[in-house]
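A.B. asks: Here it is, the structure in full.
What follows draws every value from the coordinates through simple rules; no lab data is involved. None of these values were measured; they are calculated from a predicted model. Here Cβ is always computed from backbone atoms with ideal geometry, including for glycine, and neighbour counts include all displayed protein chains.
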Amino acid sequence: MEKQGQCLTSSQRKLLLKSMQADLPPESRRRIEIMLLANTGQSQTQICKALVQHGVSKAPIKPLRPYPCKST
């Protein structure tokens with residue numbers, strides 16, 4: 001069985017990974033990358049550093065409603 005992340009189920013994670021293969025606008029791609037990184041338990045600082053290292057621009061992303069993680 002695949003290890004489940006902090007917020008996403010295994011099927012949600014697979015769906016996001018599959019959608020990354022599509023021709024997405026840059027903002028959508030960044031949002032998906034952020035969701036996947038957050039799911040691994042990385043802090044906001046770690047996610048920002050990872051995005052900068054991968055050449056993602058520092059352009060602001062319109063905020064979304066918070067996605068509550070399930071407490072286990």
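A.B. asks: So for region 10-53, what are the equivalent ellipsoid semi-axes in whole Å, largest first, each being the square root of 5 times an eigenvalue of the Cα gyration tensor?
C.D. replies: Over the Cα atoms of region 10-53, the semi-axes work out to 18, 14, 6 Å.
A.B. asks: In what sequence, highest mean first, do 31-42, 15-26 appear when ranked by Cβ atoms within 10 angstrom?
C.D. replies: 31-42, 15-26
A.B. asks: So, one more: Can you give me the distance in nm between label points at CYS48 and LEU24, each placed 7 Å from the Cα along the Cα-to-Cβ direction?
C.D. replies: 2.2 nm
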